[in-house]
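Since every read-out is calculated from the coordinates, none of them should be taken as a lab result. Fair warning: this is a prediction, and the values are worked out from it, not measured in the lab. Here the Cβ positions follow ideal geometry from the backbone for every residue, glycine too, while neighbour counts run over all protein chains shown.
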């Protein structure tokens, strides 16, 4: 019962029994609110709690280590991570133009068969990715690292990959690479992992419009475009015409400069 209603009953002068009942209801109401506030505070603390994915430290080097792993992995688990990433990017390409839930309702098969077919294809690709992800096994691990000194002790809780094997030429293993990829999906940056338009190597795009992994690849790609070729032909044609008209022009300028210096 709301407090405002109880206050109205009290002001109108009810009997003593009603007053006792009113006080009891008011006390229960305040107690219930107090318990709900404590539960809400505990829920907020629990929401902030985070069980680490692994001993992987989130640092800016990950944006270089992950593409290096995708390009250089040689193990079956590493190649599985690459397949998972390619499947997720394909899903992103299919679902990005859509709005709303991408689950195909059966009535859509009759009203809009094309959309129903597209949504079914998306679910098939989701199932394929889930099957690949199921091959990775993570084991929970918990241990006390610091004593509480009379209070709660400090625990270390994390998920460890059961088949951890680091390749010598790489700084991360398959499980760590997969964890970074999954985290990129949560912040909307999965599509920043892409192939270079020139060398086809994986890279992490610092800018959304970036399509080359390096300046060298960008320049090399530009030299193949028709615009650059036309510019190059025009430049060489003009240069050739100048040399034909005055083949010794450059030599004369050098001689004149030497004469002035004397």
(message) What FRET efficiency comes out for residue 229 versus residue 71 if R0 is 45 angstrom and r is the Cβ-Cβ distance? Round to the nearest 0.05.
(response) 0.90
(request) Express in nm, to one decimal, how much length is gained between residue 27 and residue 94 on full extension, taking 0.36 nm for each residue of separation and deducting their alpha carbon distance. (result) 18.4 nm
(request) Could you check the simple spin-label distance between residue 156 and residue 138, using points 7 Å along Cα→Cβ, in nm with one decimal? (result) 1.8
(request) Round to the nearest 0.05 the FRET efficiency obtained for residue 130 and residue 165 when R0 = 22 Å and r is the Cβ-Cβ distance. (result) 0.40
(message) On the principal axes of its Cα set, how long, how wide and how thick is the stretch 161-232? Give whole Å, largest value first.
(response) 57, 30, 13
